[in-house]
Amino acid sequence: MPASFNIFRRTFNNTDSLMALMILSLHTLLTLGETKQLYPALFLCHYGLFLLWQPVMRQSKSLSWRAVLMIIAGAAFAMFYINWWGIAFWIAGLFSLIGGRVFATEPTSSKLPKMLAATYLLSVLLLWVVPNLLQVKDDLAATELLVTYVLPLLPLAILFLSTKNKPDNQTPNLDFFYTLLLFLLTLIVILGSFALGIIWKIQYIQLLAITVFSLAAILVAISWLWNPSASFSGLELLMSRYLLSLGLPFELWIRKISEYLESEKTAENFMHAAILELATLNWVSGLSWETANSNQHTGKTTPYISHFSFEQLQLTLYSHWELSPAMYLHAQLLTQILSEFYVAKRREETVSQNTYMQSLYETGSRLTHDIKNILQSLGTLSAAAALSKDTNDDAKLVELIKKQLPRLSQRLSSTLNKLEQPSMEKKHQLLIASWWQHFKQLNTSNQVQFDAPENFPKTNIDADMMDSIADNLLQNALEKAKQEADIKIKVTLCNTPHFCLDVTDTGSAIPEMIAARLFKSHINSDNGLGVGLYHAAQQATQSGFQLSLVENRSGEVRFRLEALPIDNLSAN
């Protein structure tokens, strides 16, 4: 008894075993059910096994009174009023339930029993049930032996296979789409065969061949149209777009919020416009959203609430009805895209603000450095006045001050104008010879040697820009001379067709780590080689010049400022 009980329990705990027993009871019902005395018992046996096997509800799930009444009503109706049409629809339903699971994501070994069961159901439907509908059973007398004795081997094989598999207590996977598709195709075969048989009055074998091959041709055509070639997307894309849209064309939604992303200036304005667009959907009643800077609501509240939480957006959606799982996933996709666009807009605002602050910082830093150079020039004049000892020196000093103070005043006024209106800079053009003369007079020093060719280039330069960069190079050299003894500084105007200025000192070389970063970023340095050179290089590039370190060794450190050729300017 214990061994028999274990076999019985294993059989009824295995879905494949129950499916095989259900099919065997169906086969017995079809072959022996015409006897009125056996029909009720055979039907109840089949119906009970179906309820134990059915893939919709778990076996352990408790039933409500409504479900119990529906089960009893269905059994009573099928027991006292059933015909071949009802049997045909019943087998079509069983075939779709079993065949739909073949397409589910299950191991290959578990699909074989279902394929055998589906083969049996389709065979018995075409070879036994449909001929009885058409009342052409005499034409298929040869198949009676096949149906009665050969087809039962299929469910018996399922029983044999199920003994090797572990009991499966989980609810079977059910693919609704494939189940419905198989059910409709089976109905087409049944109804098509019946209609053609009534109209054409031909033998059932010919009728069945026409129906099956016609359906096969239609399926082949549909499979080709599903994804025909790279030039035509086919039905697959249309179906995917339909399933994805769920009442809202997805590409239309993306295009609209992309337009809002471009047109709205702030992230909050974009969010408000996009939320109002989302609220126009017919299944949306109201929306509430919360961001870092706002908390707003639009529309009406309903009992059907869906919450969506993202990094910088908390959104609550009120719908007119409870959202299905597919609809919820669709709403989550839309709101997640909205959140990503909002984050991108916030990031764009941050970058714009950082760019603006960086521009202000660089402008202020550069102009501050210009003012520092002007003050250093004034300091040079003050030092010259302090060193004046006789009348001749005083006369020369007065003459120098008369020439340089208007120039320094003009540079200071130009710097202040740039500070007030940085976008409206005016260039003060001078001949190279005139600029060189003024620069040499202003920076006269025992440590500085000036050298220039006899013939200056006949071109104009931006005097303010040149004063700022040349003063910076010279002041850096003078600061270096304070820390290192016996340094000589030489300012050379090169003998070239275009402007070229060298500032050379005989001090120690600049460390390689600092030299590699010169002109590229701010550098903290004790001898003043950092911020000023970075802004000087930027200013030179904007004016069509290049500032570079052409020599860097102990005894010769040379900076060069030269005009770029016209071809390089066009390329830049």
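Throughout, read-outs are computed from the coordinates displayed, never taken from laboratory work. Every value quoted in this text rests on a predicted model; they were computed, and no experiment measured them. Here Cβ is always computed from backbone atoms with ideal geometry, including for glycine, and neighbour counts include all displayed protein chains.
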*Rounded, prolate or oblate: which one fits the range 247-321, using the alpha carbon gyration tensor with axes a ≥ b ≥ c (rounded when a/c is under 1.5, else prolate when a/b beats b/c, else oblate)?*
oblate
*Assuming R0 = 41 Å, what is the FRET efficiency of Lys256 and Leu564, from their Cβ-Cβ distance, to the nearest 0.05?*
0.30
*How would you classify the range 429-572 from its alpha-carbon gyration tensor, with a ≥ b ≥ c the square roots of the eigenvalues: rounded for a/c under 1.5, else prolate if a/b is greater than b/c, otherwise oblate?*
oblate
